[in-house]
Amino acid sequence: MFGTGTTALQSEYSLWWREPEQVILPTLEELGIGFVPFSPLGKGFLTGAINQDTKFAENDVRNVLPRFEDEARQANLALIALLGEIADAKGVTRAQIAIAWLLARKPWIAPIPGTTKLHRLEENIGADNVELAAENLQRVEAAVSEAQIKGERYTAQQQKSINR
């Protein structure tokens, strides 16, 4: 039963990284454990603020992540365009669609997008007011399927340290 305990699992989960759907989410649901996805905006990519010309600070981890390499970034922009169509039709932001999608998955999922800017925090909180009807959710699913995310989530070395 959800809401009676204080147990939750934190892991990455977003439209850009959906591996938790395979085993983790069904197990959490069965056990009544909440889920706290970090990086629900794909390290900023799902906001639409990153494009082919974006330059990251020298110490930004995205400089070494395969999904942010030029070829992968260019290919993954197709997803942002499709999310943009859905967001524009609803009069909300791409970030709000990405967070609202997570909130619509299960009532025991509580995403934690990171930000250092108050206006982004307010925008992220506003995702709670974005209602995604079944047709919206189907469009989001179709957008993700059509876009076929390119590039690995982490470098091989980083992935080894995660899977220990």
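Whether any residue in region 55-75 is surrounded by 15 or more Cβ atoms within 10 Å (Cβ to Cβ) and of a type in the set (S, T, N, Q) is what I want to check.
no
Taking helices (runs of 4 or more DSSP H) that do not extend beyond region 90-157, which have at least 2 residues that are touching a Ser or Thr at 6+ places or on another chain (Cβ under 9 Å) and closer than 17 Å to L15 by Cα? Let's see the steps before the verdict.
On the way: elements: 94-105, 118-126, 134-147.
In region 90-157, 94-105 are the helices (runs of 4 or more DSSP H) which contain 2 or more residues that are touching a Ser or Thr at 6+ places or on another chain (Cβ under 9 Å) and closer than 17 Å to L15 by Cα.
Quick one: how many residues across region 102-125 are over 18 Å from G32 (Cα atoms) and either out of contact with any strand residue (DSSP E or B) (no Cβ under 9 Å at 6 or more places or on another chain) or of a type in the set (G, A, S) (or both)? I'd like the intermediate steps shown before the answer.
From region 102-125, those over 18 Å from G32 (Cα atoms) are 112-125; that's our starting set.
Applying the additional criterion that residues be either out of contact with any strand residue (DSSP E or B) (no Cβ under 9 Å at 6 or more places or on another chain) or of a type in the set (G, A, S) (or both) yields 114-125.
Within region 102-125, residues that are over 18 Å from G32 (Cα atoms) and either out of contact with any strand residue (DSSP E or B) (no Cβ under 9 Å at 6 or more places or on another chain) or of a type in the set (G, A, S) (or both) number 12.
Cβ-Cβ under 6 Å, sequence separation 6+ or interchain: first residue in region 119-131 and closer than 12 Å to W101 by Cβ, partner not in a helix (DSSP H, G or I). Which pairs?
From residues that are closer than 12 Å to W101 by Cβ, the pairs are V130/V92.
Which condition breaks for G84 when tested against (1) surrounded by 15 or more Cβ atoms within 10 Å (Cβ to Cβ); (2) within 13 Å of the chain's Cα centre (by Cα); (3) not hydrophobic (A, V, I, L, M, F, W, C)?
(2)
Mind listing whichever residues of region 29-72 are assigned to a helix (DSSP H, G or I), without any contact (Cβ under 8 Å) to a residue 60 or more places away in the chain and not aliphatic (A, V, I, L, M)?
Start the filter on region 29-72 by keeping residues that are assigned to a helix (DSSP H, G or I), which leaves 29-31, 45-47, 61-63, 66-68, 70-72.
Keeping just the survivors that are without any contact (Cβ under 8 Å) to a residue 60 or more places away in the chain gives 30-31, 45-47, 61-63, 70.
E30, F45, T47, R62, N63, D70, listed by residue number.
So A142 passes all but one of these: (1) in contact with a strand residue (DSSP E or B) (Cβ under 6 Å, 6 or more places away or on another chain); (2) closer than 18 Å to A78 by Cβ. Which condition number does it fail?
Every condition holds for A142 apart from (1).
State all residues of region 87-104 that are crowded, with 17+ Cβ neighbours inside 10 Å and farther than 16 Å from E123 by Cβ; if no residue qualifies, say none.
Kept after step one, since they are crowded, with 17+ Cβ neighbours inside 10 Å, are these residues of region 87-104: 87, 92-104.
A104 - this is the single residue of region 87-104 that is crowded, with 17+ Cβ neighbours inside 10 Å and farther than 16 Å from E123 by Cβ.
Does region 21-43 hold any residues that are within 14 Å of the chain's Cα centre (by Cα), surrounded by 20 or more Cβ atoms within 10 Å (Cβ to Cβ) and not aromatic (F, W, Y), and which are they?
So in region 21-43, the residues within 14 Å of the chain's Cα centre (by Cα) come out as 21, 35-43.
From what is left, the residues that are surrounded by 20 or more Cβ atoms within 10 Å (Cβ to Cβ) are 35, 37, 39-43.
Within region 21-43, P37, S39, P40, L41, G42, K43 meet the criteria.
Which condition does N76 not pass, out of (1) in a loop (DSSP other than H, G, I, E, B); (2) in contact with a Phe, Trp or Tyr (Cβ under 8 Å, 6 or more places away or on another chain), if it passes all the others?
Tallying (1) in a loop (DSSP other than H, G, I, E, B); (2) in contact with a Phe, Trp or Tyr (Cβ under 8 Å, 6 or more places away or on another chain), N76 fails exactly one: (1).
Filtering region 44-81 down to residues that are among the aromatic types (F, W, Y) and within 19 Å of the chain's Cα centre (by Cα), which residue is nearest to V140 (Cα to Cα)?
Within region 44-81, the first condition is being among the aromatic types (F, W, Y), and the residues that meet it are 45, 56, 68.
Next cut, within 19 Å of the chain's Cα centre (by Cα) only: 45, 68.
On the way: F45: 16, F68: 21 Å.
Checking each candidate, the answer is F45.
Just so you know, all these numbers are worked out from the coordinates, no wet-lab data involved. Not measured: the values here are computed from a predicted model. Reconstructed Cβ throughout: ideal geometry from the backbone, glycine too, with neighbour counts over all protein chains shown.
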